[in-house]
Amino acid sequence: MAPVAAAAAVFTKFLIFLFISITVNSTVIPITDMNLLEFPLNLEYFEAEYFLFGSMGKGLDAIQPALAAGGPPPIGAKQANLSPLVKDIITQFGYQEVGHIRAIKKRVPGFPRPLLNLSAEAFGTVINAAFGMPLSPPFDPYANDINYLISCYIIPYVGLTGYVGANPKLESPVSKELVAGLLGVESGQDAVIRSLLYERANEKVVPYKTTVGEFTVKISQLRNKLGNDGLKDEGLKVPIELGAEKKIQGNVLAADEDSLSYGRTPEEILRIVYGTGDEKSPGGFYPKGGDGVIAKRYLTR
């Protein structure tokens with residue numbers, strides 16, 4: 001190739017690279033990474049608000065209002081009736097989620113907090129769907145430690161699987177570093193929640209006749225059904241053929257046959273958190289749907 005032609009080819013490639021990338025905080029991040037990095041904000045906003053309100057009775061608007069960016073306040077969020085130990089743990093989780101939102105927004109512009117429905121009724125609807133019938137009395141996530149921890153089982157793990165699913169699709173080392181850091185703490189939170197529940201797995205959830213372990217199994221089955229992409233969710237007890245090395249039924253951590261974390265796509269996550277099984281149909285915890293390029297893409301179809 002002639003020197004002039006070679007130089008032109010190099011310059012053309014450079015222009016293409018600039019076209020498909022955007023610079024944030026002096027770091028060039030490909031557009032595909034941008035979309036994948038901003039999508040988890042939908043879950044991080046949920047977790048931050050739910051943990052902060054559950055433990056302290058106040059959310060981002062009181063703790064870090066700039067991060068909410070003027071988004072509407074969550075519906076029905078309130079302080080839960082927690083023991084000192086669980087309150088302390090959930091408070092830590094809440095502040096950790098504030099850091100997660102800030103970390104993501106340092107790399108991508110992001111978007112304001114979407115409208116979230118964190119009411120007892122919203123969680124009760126999920127539990128009713130998991131059981132295939134209305135519970136009586138309705139499930140109240142804010143009533144006590146066990147109910148609140150069960151409610152924490154519903155969504156945070158979904159975000160974890162999203163990071164696992166996104167990581168191999170990322171192009172930039174900066175993006176992968178961020179997701180690895182987020183995934184590490186999200187995994188830790190999930191492990192703590194599952195461990196606290198596992199300790200009481202055989203206890204009945206008052207006033208129902210169902211154990212804590214059975215609640216987790218039904219919630220996981222519902223998430224598998226809504227996600228519509230096979231087995232990616234497991235309760236605290238599993239058939240022995242799904243246990244670690246097919247040798248045990250205890251399942252304090254959910255993982256595949258090689259004990260690796262399951263991954264989910266944004267589409268699967270939207271199906272689950274909307275509670276509709278359809279990424280194009282908002283509802284559940286997101287009455288108006290999620291935000292960001294990926295979520296909006298489906299809302300306009």
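The values are calculated or read from the model by the stated rules, or taken from the named source; none is laboratory data. These figures come from a predicted structure and were not determined experimentally. With ideal geometry, Cβ positions are generated from the backbone for all residues, glycine too; neighbour counts draw on all protein chains shown.
Quick look at the values:
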{"read-out": "Residues of segment 69-104 that turn out to be part of a helix (DSSP H, G or I), closer than 25 Å to residue 287 by Cα and among the charged types (D, E, K, R), as a count", "value": "2"}
{"read-out": "Residue within segment 134-147 that is touching a residue at least 60 places away in the same chain (Cβ under 8 Å) and within 16 Å of the chain's Cα centre (by Cα) present", "value": "no"}
{"read-out": "Options 214, 234, 186: the member that is outside any helix (DSSP H, G or I) and buried (at least 16 other Cβ atoms within 10 Å of the Cβ)", "value": "234"}
{"read-out": "Among (1) touching a Ser or Thr at 6+ places or on another chain (Cβ under 8 Å); (2) at pLDDT 95 or above, the one test that residue 31 misses", "value": "(2)"}
{"read-out": "Residue 222 being on the phi < 0 side of the Ramachandran plot, in contact with a helix residue (DSSP H, G or I) (Cβ under 7 Å, 6 or more places away or on another chain) and surrounded by fewer than 18 Cβ atoms within 10 Å (Cβ to Cβ)", "value": "no"}
{"read-out": "Hey, residue 117 surrounded by 16 or more Cβ atoms within 10 Å (Cβ to Cβ), in contact (Cβ under 8 Å) with a residue 60 or more places away in the chain and at negative phi or not", "value": "yes"}
